[in-house]
Amino acid sequence: LSEYENTGYPFASVKLDSFETDNGSYSAKVFLQKNDLIQYDSIHLLGKTKIKLVFLKNYLGLKFNKTYNESNIKQIKQRISSLQFIEPIQPHTVVFASGKAKVNLFLKDKKASQFDVLLGLLPGSSGKKLLITGDANIDLVSLLGMGEEFYLQWKKLQPKTQQLNLRVAYPYLIGLPFGIIASFELYKLDTT
């Protein structure tokens, strides 16, 4: 029954018939009725969110016009709660009609981006210009609604010394089931 639920037949049923006993042994006939084949039709977003459907479709594994999979539906709550930039308003629902399954998600955006910048000025040595020092942490999450992340960390607290970390993560590049993660790190001490 579980195998049929995960391969497009969520309304499959199993029943026993012709139950018999004979000298301590038992026998019965098992009948399986698959019922209608169900395919994913659409995802409906209800609530105030800027998340894109193409991201959710890939992230949740709900491919349109593919066979229904009950295990994917059971994992929606856990998968949504692992995202830091959206949260559920109420539990999701699934509506079945004409051999199609429509998934309703009730979501709202959650603040996940962080922006901390501290800048300072130091007098240069031997009459040189002023030196800019500072510490910056910028972490921008899902600004475009695609689950992307742009991260920058910069520190320059002493002359001729600085640290820079950059990271860009963009899952499901142009709606495809793969993404990109790129990072760059720089640590400079004195002139080395």
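The values are calculated or read from the model by the stated rules, or taken from the named source; none is laboratory data. Just so it is clear, the model here is predicted, and its values are computed rather than measured. Cβ coordinates were reconstructed from backbone atoms using ideal geometry, including for glycine residues, and neighbour counts include every protein chain displayed. The protein model used for the area step is the full one, side chains on, heavy atoms only, and it has no ligands, DNA or RNA in it. Shrake-Rupley method; radii C 1.70, N 1.55, O 1.52, S 1.80 Å.
With the condition kept exactly as written, say whether any residue in the range 117-131 is under 34 Å from the mean Cα position of the chain (by Cα), closer than 24 Å to Glu87 by Cβ and open to solvent by 50 Å² or more (accessible area, probe 1.4 Å).
Restricting attention to the range 117-131, the residues satisfying the condition of being under 34 Å from the mean Cα position of the chain (by Cα) are 117-118.
With closer than 24 Å to Glu87 by Cβ added as a condition, the list becomes none.
No, the range 117-131 contains no residue that is under 34 Å from the mean Cα position of the chain (by Cα), closer than 24 Å to Glu87 by Cβ and open to solvent by 50 Å² or more (accessible area, probe 1.4 Å).
Just checking, does the range 74-87 include any residue being open to solvent by 80 Å² or more (accessible area, probe 1.4 Å) and touching a residue at least 40 places away in the same chain (Cβ under 8 Å)?
Scanning the range 74-87, I find at least one residue that is open to solvent by 80 Å² or more (accessible area, probe 1.4 Å) and touching a residue at least 40 places away in the same chain (Cβ under 8 Å), so the answer is yes.
Test Phe64 against the stated conditions and say whether it is under 20 Å from Tyr172 (Cα atoms) and either assigned to a strand (DSSP E or B) or in contact with a Ser or Thr (Cβ under 7 Å, 6 or more places away or on another chain) (or both).
Details: under 20 Å from Tyr172 (Cα atoms): yes; either assigned to a strand (DSSP E or B) or in contact with a Ser or Thr (Cβ under 7 Å, 6 or more places away or on another chain) (or both): yes.
Here the answer is yes, as Phe64 does meet what is asked.
Name the one entry in Leu1, Leu83 that is under 32 Å from the mean Cα position of the chain (by Cα) and at pLDDT below 90. Steps first, please.
Details: Leu83 fails: at pLDDT below 90.
Going through Leu1, Leu83 in turn, the sole match is Leu1.
Which residues, taken from the range 82-135, are under 30 Å from Ser71 (Cβ atoms) and among the hydroxyl-bearing types (Ser, Thr, Tyr)? Spell out how you get there, then give the answer.
Start the filter on the range 82-135 by keeping residues that are under 30 Å from Ser71 (Cβ atoms), which leaves 82-110, 112.
Listed by number, the residues that qualify are Ser82, Thr93, Ser98.
For the range 89-192, which fully contained strands (runs of 3 or more DSSP E) count at least 1 residues that are free of Cβ contacts under 8 Å to residues at least 40 places away in the same chain?
Values: elements: 100-109, 114-122, 131-141, 149-158, 161-170, 180-189.
Per the criteria, 114-122, 131-141, 149-158, 161-170, 180-189.
Filter the range 14-53 down to the residues that are open to solvent by 50 Å² or more (accessible area, probe 1.4 Å), outside any strand (DSSP E or B) and of a type in the set (A, V, I, L, M, F, W, C) and list them by number.
Of everything in the range 14-53, those that are open to solvent by 50 Å² or more (accessible area, probe 1.4 Å), outside any strand (DSSP E or B) and of a type in the set (A, V, I, L, M, F, W, C) turn out to be Leu37, Leu53.
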